[in-house]
Amino acid sequence: MARFYISVDIERRVRTDARNRCGYCLSPQRLVMARLEIEHIIPISKGGSNDESNLWLACPLCNRYKSDKTTGVDPETIETVKLFNPRTQVWFEHFGWSEDGLRIVGKTPTGRATVAVLHLSDDADALEVRSYWVLAGWHPPED
């Protein structure tokens, strides 16, 4: 798939608005070993655009799992719901952290579906890295 051009100014504003962290797992750029990616909340393949209102930051892991998905199944209600939109929704209204700070827990149908689709609580690599962040006192984020 062809890459779409996003201006430096728009990318800078998106990174600032996202506070330089993934909109899904909240991993901060300063701790991620790869550049956080500009992602399309609604993928181009599903009619999304390059408008700033459709762009946010995602770590490479979350971005790969999300791919072109816009919906997921809430494992509790078995209903199909829209995935979390980090630009328009508040993270802490839909998610929280497990007591040990390693797993993201969905609080709402949107949160639970997003956790399932993006593997926010069961990716072995993410859990291992978060465990080191917890030991260092850098995780979980509180805001």
Report summary line: The percentage of the accessible area of the chain (probe 1.4 Å, all protein chains present) made up of carbon and sulfur atoms, to the nearest whole number, is 54
Report task. Provide the FRET efficiency to the nearest 0.05 for the N20-E79 pair, computing r from the beta carbons and using R0 = 41 Å. Result -> 0.75
Query - Coarse-grained scattering of the range 2-143 at q = 0.12 Å⁻¹, given as base-10 log I(q)/I(0) from a Debye sum over alpha-carbon atoms - result: -0.46
Report task. Taking a cut-off of 22 Å between Cα atoms, list the lysines near K107, but don't count ones fewer than 8 places away on the same chain. Result -> K66, K69, K82
Query raised in the report: Tell me which aspartates and glutamates have Cα within less than 15 Å of K46's Cα, excluding those fewer than 8 residues away on the same chain?
Result: D68
**Report entry** Length gained when the stretch S49-E11 is fully extended (0.36 nm per residue, less Cα-Cα span)
**Finding:** 12.3 nm
Query raised in the report: Any idea what the alpha-carbon Rg over 2.2 N^0.38 Å comes to for the range 10-60?
Result: 1.09
Requested in this report: For the range 36-90, count all C-alpha to C-alpha pairs, find those more than 16 Å apart, and express that count as a whole percent of the total.
Outcome: 44
Report task. Using the heavy atoms of the protein chains and a 1.4 angstrom probe, tell me the accessible area per residue for the chain in square angstrom. Result -> 56
Requested in this report: Using 0.36 nm per residue of separation minus the Cα-Cα distance, give me the extension gain between A124 and E37 in nm, one decimal.
Outcome: 29.2 nm
Report task. Compute the separation of the alpha-carbon centres of the range 37-63 and the range 84-109 and state it in Å as a whole number. Result -> 19
Report summary line: Counting sequence-distant residues (5 or more places) and residues on other chains, those with an amide H built under 5 Å from that of W97 are V105
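The values are calculated or read from the model by the stated rules, or taken from the named source; none is laboratory data. All of these numbers come straight from a predicted model, not from anything done at the bench. Positions of Cβ are generated from backbone atoms using ideal geometry, with glycine treated the same way; all protein chains shown enter the neighbour counts. Note: accessible area is taken over every heavy atom of the protein model, side chains too, but ligands, DNA and RNA are not part of it. Shrake-Rupley method; radii C 1.70, N 1.55, O 1.52, S 1.80 Å.
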